[in-house]
Amino acid sequence: MRLSNIKVLCLCGSLRRASYNAALIHSLPHLSPDNVELVNFTEMSNLPLFNPDRENEMISSVTNLKEKVAAAHGLIIASPEYAHGISGVLKNALDWLVSTEAFPGMPIALLNTSPRASHAQEALREVLKTMSGIVVEEASISIPLLGSNLDTDGIINHPVISENIHRALITFNKWIVKYSETEGHVN
Ligand SMILES: Cc1cc2nc3c(=O)[nH]c(=O)nc-3n(C[C@H](O)[C@H](O)[C@H](O)COP(=O)(O)O)c2cc1C
């Protein structure tokens, strides 16, 4: 089956106002191929703390997250490292998705804004592997934003950084198309 319009859901693991990870996610629609629709999940801070006892409750932020994941052909995750671990914000969102049918087999690109933050990236890979997500390594890149003072416009207008992001998005797009053709994994 041919995919003409690819939907990618972006999850940001930082709630900080001047977050580099959020700035990066906001830059993506400006740097992506035309046939990719990037959706930013804006309710990370509204998700309650994960509690398996509440999994069957109608919680609008959780329902919204699950629906957006189900409608996506791929995920992009950008998240900080805190004390050598994954941010609690991101882990909480992923915990709500553990039992979601749509997650296994989901292609995921990891964008890391701090090349020194290797522990969280490693831990995140382990979590995603356990959830049967597929980390697309060719599309997962480190972008040295930490300490750069670049905001969204600065990222879009930086010749090297914007080109690297653009290439990663093209690679992710191609990977998803190829995967959908071989696995029939399309929505
Ligand atoms: C409490 C705390 C702990 C942190 N721990 C680490 C760490 O272990 N390793 C690291 O590389 N950076 C660490 N950092 C730096 C953050 O990862 C960095 O500030 C990052 O830019 C935050 O992401 P954001 O800009 O998207 O908010 C820490 C920052 C805070 C506030």
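General remarks:
- ILE76, sole failed condition from (1) out of contact with any His (no Cβ under 8 Å at 6 or more places or on another chain); (2) within 28 Å of SER148 (Cα to Cα); (3) more than 16 Å from the ligand (Cβ to nearest atom): (3)
- Any hit, the stretch 85-100, residues being hydroxyl-bearing (Ser, Thr, Tyr), assigned to a strand (DSSP E or B) and in contact with a helix residue (DSSP H, G or I) (Cβ under 8 Å, 6 or more places away or on another chain): no
- When residues of the stretch 1-33 are limited to those that are part of a helix (DSSP H, G or I) and near the ligand (Cβ under 9 Å from one of its atoms), the one nearest to SER148 (Cα to Cα): TYR20
- The set of residues in the stretch 147-166 that are surrounded by 14 or more Cβ atoms within 10 Å (Cβ to Cβ) and either without any contact (Cβ under 8 Å) to a residue 12 or more places away in the chain or not polar (S, T, N, Q) (or both) comprises LEU150, ASP151, GLY154, ILE155, ILE156, HIS158, ILE161, ILE165, HIS166.
- Evaluation of THR63 against (1) within 30 Å of THR182 (Cβ to Cβ); (2) outside any strand (DSSP E or B); (3) modelled with pLDDT of 95 or more (one fails), failing number: (1)
- Residues of the stretch 140-183 that are in a helix (DSSP H, G or I), aliphatic (A, V, I, L, M) and either in contact with a Lys or Arg (Cβ under 7 Å, 6 or more places away or on another chain) or within 16 Å of the ligand (Cβ to nearest atom) (or both): ILE155, ILE161, ILE165.
- As a summary of the residue check, LEU111 satisfies the conditions (1) in a strand (DSSP E or B); (2) surrounded by fewer than 15 Cβ atoms within 10 Å (Cβ to Cβ) except for the one numbered (2).
The values are calculated or read from the model by the stated rules, or taken from the named source; none is laboratory data. Only a predicted model underlies this, so the values are computations on that prediction, with no experimental measurement involved. Neighbour counts are summed over all protein chains in view; Cβ atoms, including those assigned to glycine, are modelled from backbone coordinates with ideal geometry.
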